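Accompanying notes for the structure given below.
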Amino acid sequence: MDEIATRRTPHRKAQTGYRWDGVEIRPYKEDERALFKAVTRQVLFSDPEMQGELRYFDIAPGGFSTLERHAHMHAVVILRGRGHCLVGHEIKPIAPHDLVTVPPWTWHQFRAAANEPLGFLCLVNAARDKPQLPSEADLAELKAKPHIAAFLRGTADAG
Ligand code: MN
């Protein structure tokens, strides 16, 4: 069965450990420029007939997604674990069933807690632009805010 046929299977059973029948675990990104740690990606729903895609990301304890921004939006539902997210200049603790919206052109990053994984669903446009990474100047501007500097060091847990 090809990938689309598999994804059109009416019922794909959940396995243990946030896996699903017919869904393979993929690397988070093929982009070598991006700095990230201990993230996997599973594409749950994607079809030429749908304008959206739903993915499941899993970040191991202490891991983090790429700090990036882009024109497309993210609609995120936390499924398991704990961590923090940066959206714009705001940092929030995140827990299961929380909802996180990333507006267009807004810096964002997800970080798992040191001792817990972080798993979340992420809805995106199927046709989307390539993420932009922060320049040195962008990073300096973000790090000028102490709470963001602490988040980027991975010490947001400590306050
Ligand atoms: Mn993104």
query: Filtering the range 101-122 down to residues that are assigned to a strand (DSSP E or B) and within 11 Å of the ligand (Cβ to nearest atom), which residue is farthest from ALA60 (Cα to Cα)?
result: VAL102
Residues (closer than 27 Å to GLU49 by Cβ and free of Cβ contacts under 8 Å to residues at least 40 places away in the same chain) located in the range 101-130: THR101, VAL102, PRO103, PRO104
- prompt: Any residue in the range 83-95 that is within 16 Å of the ligand (Cβ to nearest atom), in a loop (DSSP other than H, G, I, E, B) and not small (Gly, Ala, Ser)?
  reply: no
Lone qualifier among ARG55, ARG26 - being modelled with pLDDT of 95 or more, farther than 30 Å from ALA144 by Cα and either within 14 Å of the ligand (Cβ to nearest atom) or surrounded by 12 or more Cβ atoms within 10 Å (Cβ to Cβ) (or both): ARG55
task: Answer with yes or no whether VAL39 is at pLDDT below 95, β-branched (Val, Ile, Thr) and touching a Ser or Thr at 6+ places or on another chain (Cβ under 8 Å).
output: yes
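The values are calculated or read from the model by the stated rules, or taken from the named source; none is laboratory data. As the structure is a prediction and not an experimental result, all values here were calculated from the model. For neighbour counting, all protein chains shown are included, and Cβ atoms are generated from backbone atoms with ideal geometry for every residue, glycine included.
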